[in-house]
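A short worksheet on the structure shown next.
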Amino acid sequence: MATTATANSVPAASSPYNSTVATRLGQRRIPIHTTFYWGHKMDILFHCWPGDSIAMYALALILVFVMAVLVEWLTYFNIVKLKSGDKNDVVGSLLKTGIYGLRTAFSYLVMLSVMSFNGGVFVVAIGGHVIGFLVFGIILKKKSGSDSSKLEH
């Protein structure tokens, strides 16, 4: 008989094809999926969010999509332009570093969202990155006439 670990590391009986690990937080059992699944009853990033509501699930998908697009925007737009020999090099460098940190934070939030193993979250995360790359990495770069050397990750 296959077993599934619980929060107290006590094996619980389960079928050999069960793809979840159940943990206990207070009195609520939370399934932690280890394979992709489809459904709206889940937790992403925060305890009990989006929960069981379809509307909150849709909002979570929109949020993951927007974060993925924002990661691509922060990747391909040079918001702070540094000029060599300028006395504001330190301020500009700190701003660029802050923007890099923000991009990294959004990237990790998208990654953690995908780690919920929900198929819908995975699809919108990939879709957000693809749409963001298409818009900011290809279309707007061509319009601005910038070099395309940044397009190779």
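Straight-line cross-link reach from LYS83 at under 26 Å between alpha-carbon atoms covers these lysines, not counting any fewer than eight positions away in the same chain: LYS96, LYS141, LYS142, LYS143, LYS150. Subtracting the Cα-Cα distance of CYS48 and VAL80 from their residue separation scaled by 0.36 nm leaves 7.7 nm.
Values in this text are rule-based calculations from the coordinates and carry no lab data. Just so you know, these numbers come straight off a predicted model, no measurement behind them.
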